[in-house]
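Notes to accompany the following structure.
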Amino acid sequence: MATTSVNFVYVANENSNTVSVINESNNSVIATISVGSSPTGVAVNSSTNTIYVTNYVSTTVSVISNTLTTIYIGSILIGVAVNSSTNTIYVANTSSNTVSVISGSNNTVTATISVGTNPWGVAVNSSTNTIYVVNYGSNTVSVINGSNNSVTATISVGSYPEGVAVNSSTNTIYVANTSSNTVSVISGSNNTVTATISVGSSPEGVAVNSSTNTIYVANTNASSVSVISGSNNTVTATISVGSGPTGVAVNSSTNTIYVANTNASSVSVISGSNNTVTATISVGSGPIELDILSSTVTIYSPNVSITSCPSSVNEGANFSVSASAYQPYGSISNIQVTFNGTTQTINASSGTVSFT
C-alpha cells in the first residue's frame, strides 16, 4: 500500500449531457457522469476534490464530489472558474450580464456581480484574488476584486472574446478573441493590453503552462492549436488536432495539454516537450470544455483474477491458465503465474499461459 499523485481530466460533453472522466496515466475514460442539460463549462478545485459544471440549458451548476449536487442559478450560464485558495466559484451568466459567486463550503450563491454584455469565459488569479471575465457582447474584460466582489476595471480587447486564462507566476492574462483571430495579452499589474498576437481561425479556448510560460490556444475553425511563448509573445508552433477544438487544459506537472474537439467527440493529448499529439481519446458527444483534477490517492495491490484454470490435470499433460488484473489508478504491465516452481509471465493486463 502506498500513496501517489493521480490526475483526472473532466470533459464537459454538451450534446450528451455528461462529463467524461479520463485517467491521465493511461488516457482511458474511467467514468461518465450525467449532469444537467447542455454542459458548457467545467472547473475543478483540487484542494477539495470537487468539480463544478455549468449547464447552459438547465441554468444550473452541477457539483460533483462524493455526491452530485445541483445549484440553481436561473440564467443562461457558460464559463466557470474556481479560486482554490478561498474555495469560491465564479459563474458567467451570459443572459443576465452578471457573475454569480458561489461558496464552495455550502454551495450557495453569496453575491451577484454586474459585468459587461454576454459574459463568457472566466479565469482566476488566486495569488492576487482577482477574477477576469470576458464579455463576448461588449468586447471587454471585467476585472473583479475577490475580496469585496467589486469590478475594479474594464479592459477593451478584440472582437467577440470567449476564452481567458491567467499565468499567476507572471500576473499576465490571455484572452482569445474569436472574431479577430487574435489573443490579447493583459498585464495584471496595471490592467492594460501589452500585446496582440495573431493566431488561427476562430480562437476560443486558451490555457497556460505557468511552469514553462507557454500558452495554448484552440483555433476552432482551423482545427489546430497555436503555441505561444510567454516570454516574447510569438507563436512558436501550430499543432493539428481534431475537428472543431474549443476547450484547452494544461497539466503543468506533466507538461501535457488536453484539447476538446467538439465536432470529433474526442480529446487530443499533446506533449508539451515536442508539441506532438500522443493520443486521441473518444469521449461523449460535443466535448466543449475540460479541466484537470490532481489528487493524492492510496494505491492498494491490484485485483487479480484467475479467469480460467483446470480443476485437475494428468501428470505430464499440458494445460493453460488465464488471468486478468485491474488497477484503477495506474496500468498493469504484466501478470506472473507460478505453478510447481515454474513462473510464466503474461505481458499485459490479461492473457493466458501454458504449463506442462
Residue that is of a type in the set (A, V, I, L, M, F, W, C) and either in contact with a Ser or Thr (Cβ under 6 Å, 6 or more places away or on another chain) or on the phi > 0 side of the Ramachandran plot (or both), where the choices are 206, 235, 166: 235
All strands (runs of 3 or more DSSP E) inside the stretch 245-299 with 1 or more residues being more than 19 Å from residue 165 (Cβ to Cβ) and in contact (Cβ under 8 Å) with a residue 24 or more places away in the chain: 266-271, 276-282, 287-299
First in the stretch 47-70 and of a type in the set (D, E, K, R), second anywhere and surrounded by fewer than 16 Cβ atoms within 10 Å (Cβ to Cβ), Cβ under 7 Å, 6 or more apart: none
Residue check for residue 222: in the same structural domain as residue 102 (by TED's automatic domain parsing), closer than 20 Å to residue 289 by Cα and part of a loop (DSSP other than H, G, I, E, B): yes
Residue list for the stretch 169-193, filter: farther than 15 Å from residue 143 by Cα and either in contact with a Cys (Cβ under 6 Å, 6 or more places away or on another chain) or surrounded by fewer than 16 Cβ atoms within 10 Å (Cβ to Cβ) (or both): 169, 170, 179
Strands (runs of 3 or more DSSP E) contained in the stretch 50-156 and holding at least 3 residues of a type in the set (A, V, I, L, M, F, W, C) and assigned by TED's automatic domain parsing to the domain that holds residue 293: 60-64, 77-83, 88-93, 98-103, 108-114, 119-125, 130-135, 140-145, 150-156
Members of the stretch 182-203 found to be in a strand (DSSP E or B) and either within 19 Å of residue 124 (Cβ to Cβ) or at pLDDT below 95 (or both), listed by number: 183, 184, 185, 186, 187
Total residues in the stretch 9-40, condition assigned to a loop (DSSP other than H, G, I, E, B) and among the hydroxyl-bearing types (Ser, Thr, Tyr): 4
Per-region count, the stretch 345-354, residues surrounded by fewer than 17 Cβ atoms within 10 Å (Cβ to Cβ) and either modelled with pLDDT of 75 or more or part of a strand (DSSP E or B) (or both): 5
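The values are calculated or read from the model by the stated rules, or taken from the named source; none is laboratory data. Treat the numbers as computed from the prediction; the structure is a model and nothing was measured. Glycine gets a Cβ as well: all are built from the backbone with ideal geometry, and neighbour counts include every protein chain shown.
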